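Each remark here refers to the structure printed beneath this line.
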Amino acid sequence: MNQTLPHDQLARAAQAFQQQDWQRAYQLSAQVLRQTPNHTGANYVAGLAALQLQQWLQALDCLQKAAQLE
């Protein structure tokens with residue numbers, strides 16, 4: 001069983017995002033959100049990655065949540 005800490009997964013998501021690996025960035029940040037749904041950074045990365053993937057509703061949901069949490 002993978003017991004990766006959310007901040008480790010988010011760091012990998014951010015790295016994938018910087019490398020423009022939008023699908024991986026979205027998947028990793030979504031994993032963080034399953035564990036900690038109110039994580040501002042994970043919502044932000046997931047939202048921006050979803051935007052790049054043209055997943056408009058997911059992007060809007062995540063970015064709105066990130067803005068509300070700040």
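Summary table
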{"quantity": "Count of segment 47-70 residues which are within 16 Å of Gln20 (Cβ to Cβ) and either open to solvent by 100 Å² or more (accessible area, probe 1.4 Å) or not in a helix (DSSP H, G or I) (or both)", "calculated": "3"}
{"quantity": "Unmet criterion (only one of (1) open to solvent by 70 Å² or more (accessible area, probe 1.4 Å); (2) more than 9 Å from the chain's Cα centre (by Cα); (3) at pLDDT 95 or above) for Gln35", "calculated": "(3)"}
{"quantity": "Positions within segment 20-39 being assigned to a helix (DSSP H, G or I) and either aliphatic (A, V, I, L, M) or under 20 Å from Trp56 (Cβ atoms) (or both), in sequence order", "calculated": "Trp22, Gln23, Arg24, Ala25, Tyr26, Gln27, Leu28, Ser29, Ala30, Val32, Leu33"}
{"quantity": "Residues satisfying the stated conditions in segment 1-31, i.e. at pLDDT below 90, open to solvent by less than 100 Å² (accessible area, probe 1.4 Å) and not polar (S, T, N, Q)", "calculated": "Leu5, Pro6"}
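The values are calculated or read from the model by the stated rules, or taken from the named source; none is laboratory data. Everything numeric here is computed off the predicted structure, so don't read it as measured data. Cβ atoms come from the backbone with ideal geometry, glycine included; neighbour counts cover every protein chain shown. These accessible areas exclude ligands, DNA and RNA; they are computed on the full protein's heavy atoms, side chains included. Shrake-Rupley method; radii C 1.70, N 1.55, O 1.52, S 1.80 Å.
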